[in-house]
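*Asks:* I'd like to ask you about the structure that follows.
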Amino acid sequence: MKKALITGITGQDGSYLSELLLNKGYKVYGLKRRTSTPNLENIKSVLDKIDLIPGDVLDLTSLINAINIAKPDEVYNLAAQSFVTDSWAQPIYTGQSTSIGAINMLEAIRLTNPDIRFYQASSSEMFGKVIETPQSETTPFYPRSPYAVAKVYAHWITVNYRESYDMYTCSGILFNHESPRRGIDFVTRKVTDAVARIKLGLQKELRLGNLDAKRDWGYAGDYVKAMWLMLQQTEPNDYVIASGETHSVKELVEIAFDYVGLDWNKYVVQDPKLIRPAEVDLLLGDPQKAQKKLNWKPDVSFEQLIKMMIDSDIKKVKSNI
Ligand code: NAP
Ligand code: F7E
């Protein structure tokens, strides 16, 4: 039986990846940091099937301990301070968890068992103020936030350990991916939750920042399949994972309000406080390499994704009334 260790298991991607790996017959271990209140909502359906190991990616000893317990064939490093906005408020912590966390995990592997295959959760935010469109594996990076700068370090250290130590390390450059389990701060979930509340008469307005920003959005359940595929190849490599379509925040809002029969103009308020110090205006990924080499393609469209999230939020909000 193959064994996998996932950091960031309580997050959106960690939960979908756990389900995928369990379905493939893996023994799944998750690194979980201590929190003062429970945060197991995303993994509640798999809790009795996985093993959680206490640890933090900033604590190398806890990572070595986790590897000694799990003895994994594969490590998926998904842990990070992943909210771009907060990376300006907490730049040093974001740098530590997002970049030093990655090298800590790589060092833990190198020192214990360098044959372990390693996946690093890299991000389209690294392209930032884009040099070319669409963005592919060869597009130069121009990060625009402390988060994105930290992800660039984590990406290159992953490449460097492959080249320096001949380790099987892969960097998945994933464009935005969402789901009903997306954190409430991110724009898709903020919109779908608000639409549900407005429809049910519990909220009057939705305050947003830049409506013109464009993103290449996909479904998290599709994207975790690509993470697994990357670690099943003969040779390690880096891949862009994207839908190949871009949409503005305004389009997202229009589709979401339309779906419940409401006019978004009556509810959306632009709030200058929500504009970022430096914005990423346009992201559009070119997933051809992943399509050809991994035989990967997404199944869920942008519209289906938004509708899935609204249906889920309406159910959640109703169950709490
Ligand atoms: P998420 O929901 O924010 O989950 C982040 C996870 O990291 C949580 O489980 C969190 O634990 C954990 N974590 C944070 N700091 C940690 C630390 N110091 N030690 C141990 N665990 C820590 O993020 P996601 O959307 O699932 O994304 C997964 C990864 O992919 C992240 O690295 C993110 O930056 C990257 N990424 C995401 C996207 C996207 O569109 N979703 C795109 C590209 C890359 P707590 O529950 O305790 O907070
Ligand atoms: O913002 C604009 C905002 O916070 C998307 C993370 O998973 O994907 C995510 O980063 C866009 C930005 O995601 C609001 O200015 C407008 O242009 O949903 P977001 P993100 O910053 O793209 C990448 C790939 C990651 O790696 C990250 O970890 O939407 N926007 N108004 C807003 N955004 C938010 N959050 N809230 C607003 O009110």
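*Asks:* Give the angle, between 0 and 90 degrees and rounded to the nearest 10, that separates the Cα long axis of helix 146-165 from the longest principal axis of the Cα atoms of the chain.
*Replies:* It is inclined by approximately 30 degrees.
*Asks:* Right, another one. Accessible area of the chain with a 1.4 Å probe: how many percent of it is carbon plus sulfur?
*Replies:* Here carbon and sulfur together make up 50 percent of the probe-accessible area.
*Asks:* Taking a ≥ b ≥ c as the square roots of the eigenvalues of the Cα gyration tensor of the chain, is the shape rounded (a/c under 1.5), prolate (a/b larger than b/c) or oblate?
*Replies:* On the way: a/c = 1.73, a/b = 1.44, b/c = 1.20.
The shape class here is prolate.
*Asks:* Using +1 on the beta carbon of Lys and Arg, -1 on that of Asp and Glu, and nothing else charged, what's the dipole of the chain about the Cα centre, debye to 20? If you can, show how the numbers build up before the last one.
*Replies:* Details: 39 positive and 39 negative charges, 158 e Å.
With only Lys, Arg, Asp and Glu charged at Cβ, the dipole is about 760 debye.
*Asks:* Running a GNM on the chain with Cα contacts under 10 Å, which residue among 278, 79, 108 ends up with the highest mean-square fluctuation?
*Replies:* Residue with maximal mean-square fluctuation among 278, 79, 108: 278.
*Asks:* Dipole of region 1-99, Cα-centred, from +1 at each Lys and Arg C-beta and -1 at each Asp and Glu C-beta, to the nearest 20 debye? If you can, show how the numbers build up before the last one.
*Replies:* Values: 10 positive and 10 negative charges, 62 e Å.
Computed charge dipole of region 1-99: roughly 300 debye.
*Asks:* Check cross-link reach from residue 250 to the lysines: straight Cα distance under 19 Å, and skip same-chain residues fewer than eight apart.
*Replies:* Within reach: 190, 199, 204, 214, 266, 273, 307.
*Asks:* Which residue fluctuates most in the GNM of the chain (Cα springs below 10 Å): 179, 36, 243?
*Replies:* Highest fluctuation of the listed residues: 36.
*Asks:* May I pose another question? Using only the Cα atoms of region 31-180, what semi-axes does the equivalent ellipsoid have when each is the square root of 5 times a gyration tensor eigenvalue? Give whole Å, largest first. The partial results should precede the final answer.
*Replies:* Values: eigenvalues 128, 81, 42 Å².
Square roots of five times the eigenvalues give 25, 20, 15 Å.
*Asks:* Please go through the residue pairs 129/293; 225/318; 32/318; 225/289; 2/225 and name each one whose alpha carbons sit more than 21 Å apart in this structure.
*Replies:* Numbers: 129/293 28 Å; 225/318 31 Å; 32/318 30 Å; 225/289 15 Å; 2/225 16 Å.
In this structure, 129/293; 225/318; 32/318 lie more than 21 Å apart at Cα.
*Asks:* With the Cα gyration tensor of region 237-298 giving a ≥ b ≥ c as the square roots of its eigenvalues, does the rule (a/c under 1.5 for rounded; else a/b larger than b/c for prolate; else oblate) give rounded, prolate or oblate?
*Replies:* It comes out oblate by the Cα gyration axes.
*Asks:* Relative to the first principal axis of the alpha-carbon coordinates of the chain, what is the inclination of helix 101-112, with its axis defined by its Cα atoms, in degrees from 0 to 90 and to the nearest 10?
*Replies:* 20 degrees
*Asks:* Can you work out ³J(HN,Hα) from phi for every residue in region 294-301, in order, using Karplus 6.51 cos²θ - 1.76 cosθ + 1.60 and θ = phi - 60°, giving whole Hz and x for Gly and Pro?
*Replies:* Listing the rounded values in order: 9, 6, 9, 8, x, 9, 9, 7 Hz.
*Asks:* Using the Cα centre as the reference, give the magnitude of the dipole from point charges on the C-beta atoms of region 184-312 (Lys, Arg: +1; Asp, Glu: -1; all else neutral), rounded to the nearest 20 debye. Intermediate values should be presented prior to the final figure.
*Replies:* Working: 18 positive and 20 negative charges, 52 e Å.
The dipole of region 184-312 has a size of about 240 debye.
*Asks:* Mind checking which of 252, 68, 116 is farthest towards the positive end of the chain's charge dipole, using Cβ charges of +1 (Lys, Arg) and -1 (Asp, Glu) about the Cα centre?
*Replies:* Going by the Cα projections, it comes out as 68.
*Asks:* GNM, the chain, Cα, under 10 Å: largest mean-square fluctuation among 34, 110, 276?
*Replies:* Highest fluctuation among the options: 34.
*Asks:* Among 275, 102, 4, whose Cα projects farthest towards the positive end of the dipole of the chain, with charges put on the beta-carbon of Lys, Arg (+1) and Asp, Glu (-1)?
*Replies:* Of the options given, the answer is 4.
*Asks:* Still on this structure, I have one more. Please list, by residue number, every one of the trypsin sites (Lys or Arg not before Pro) in region 143-230 that is coil in DSSP and has at most 12 other beta-carbon atoms within 10 Å.
*Replies:* Values: sites: 144, 151, 162, 181, 182, 189, 190, 197, 199, 204, 207, 214, 215, 225; in loops: 144, 181, 182, 204.
Here the sparse-neighbourhood loop sites are 204.
The values are calculated or read from the model by the stated rules, or taken from the named source; none is laboratory data. What you are looking at is a predicted structure, and each value in this text was computed from that prediction instead of being measured. When we count neighbours, we look across all protein chains shown, and the Cβ atoms used for this are built from the backbone with ideal geometry, even at glycine. The protein model used for the area step is the full one, side chains on, heavy atoms only, and it has no ligands, DNA or RNA in it. Shrake-Rupley method; radii C 1.70, N 1.55, O 1.52, S 1.80 Å.
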